[in-house]
Amino acid sequence: MAEQAISPKNKKMIESSGPVGQNATVGSRIFDVLNYLIVTLIAITTIIPFVYIIGASFATEYEIATRPMFFIPQDVSIAAYQYIFSSNKILRGFANSIFITAAGTAINLFFTVTMAYAISKPRLRGRNFFLNMVIFSMFFSGGMIPGYIVVANILNLKNTFWSVLLPGAISAYNMMIVKNFFQGIPQELEESASIDGCTDIGVLLKIVLPLSLPVLATFGLFYAVGHWNAYFSAMIYMTGAKEKWPLQVLLRNGTAGDMANMADDFVQPPEQSIKMAVIVVSTVPIMCVYPFLQKYFVKGVMVGALKG
């Protein structure tokens, strides 16, 4: 019956089309080749500078000054890494970056999850008001100077780690996507848990969070990368507490003179290779996290964006 319902003309077109990817037209093949070519060029332009930085971090000062571009140094030297791991300032900055990233990500996820879960419930009183306030904050902000006055003068958080952790405790955009994800979870699961005597917090901890691992892992990584790369907040709020500076602030202020003063036991530190080595040391740790959470990216972001 199904075969009889298809006209001979359509049947011929279906048979000639073949499986997906076969019998492609010339235009589609050219389009695929151009796509692969463009993506390959973008990947090369992204990777080449980092490969050069890795090679330069193992090179001597003379080679960096005389060779404009190279990937493998002629004379391998680990003086830059010896300098870094002998500098108390750099090691302390590395420890500060780890603390700020871990604590900041935990704070971000806590406030994002709790607010998203509350706003995702239609029974919440004043839900539309809170939702509109969140949307308003996505388009308008107080600005840098009012923010500095609030953090430094009103809250009195200057020169403390709280000055870089609390002001960005939640992202409105991320919270909205997590809210949409929570709304996509079947209500029957929460109703069953409520019938069994589970409170709202119990439902969140035992039902919602275990089902939200993809979106939590995705935005947890986004928050972590943001904290690890951040330097501006620490630079303006920790002017009197340089011992609390993260590694990125040291890298931001890593001029030749600053680099020369970071270690007491180096007479003539390799200035240029140290800059390259600090970049490598500050980039590799966060890159090592990506392979473990990469599988959650598409699923976590797209499900949260589409369900609502």
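Scoring Phe111 on the criteria (1) over 28 Å from Val280 (Cα atoms); (2) buried (at least 18 other Cβ atoms within 10 Å of the Cβ); (3) of a type in the set (Phe, Trp, Tyr) leaves a single failure, condition (2).
Taken over the stretch 138-167, the residue count meeting the criterion of being surrounded by fewer than 19 Cβ atoms within 10 Å (Cβ to Cβ) and either hydrophobic (A, V, I, L, M, F, W, C) or at pLDDT below 85 (or both) is 16.
Across the stretch 76-92, the qualifying residues are those that are open to solvent by 90 Å² or more (accessible area, probe 1.4 Å) and not aliphatic (A, V, I, L, M), and the one among them that is farthest from Pro246 (Cα to Cα) is Gln82. For the stretch 137-170, the tally of residues that are under 21 Å from Tyr223 (Cα atoms), hydrophobic (A, V, I, L, M, F, W, C) and assigned to a helix (DSSP H, G or I) stands at 7. Does at least one position in the stretch 90-104 carry a residue that is in a helix (DSSP H, G or I), modelled with pLDDT under 85 and more than 30 Å from Ser163 (Cα to Cα)? Within the stretch 90-104 (the criterion being in a helix (DSSP H, G or I), modelled with pLDDT under 85 and more than 30 Å from Ser163 (Cα to Cα)), the answer is no, since none of the residues qualifies. Of the residues making up the stretch 252-285, those that are at pLDDT below 80, assigned to a helix (DSSP H, G or I) and open to solvent by less than 50 Å² (accessible area, probe 1.4 Å) number 4. Close Cβ contacts (under 6 Å, 6 or more residues apart or on different chains) running from residues in the stretch 59-88 that are touching a residue at least 40 places away in the same chain (Cβ under 8 Å) to residues that are in a loop (DSSP other than H, G, I, E, B) and hydrophobic (A, V, I, L, M, F, W, C) comprise Tyr83/Ala263; Tyr83/Phe266; Ser86/Ala263; Ser87/Met262; Ser87/Ala263.
The values are calculated or read from the model by the stated rules, or taken from the named source; none is laboratory data. In this text, all values refer to a predicted model and were calculated from it rather than measured experimentally. Because the Cβ atoms are built from the backbone with ideal geometry, glycine has one as well, and the counts that use them run over all protein chains shown. Just the protein is used for accessible areas: all its heavy atoms, side chains included, with ligands, DNA and RNA removed. Shrake-Rupley method; radii C 1.70, N 1.55, O 1.52, S 1.80 Å.
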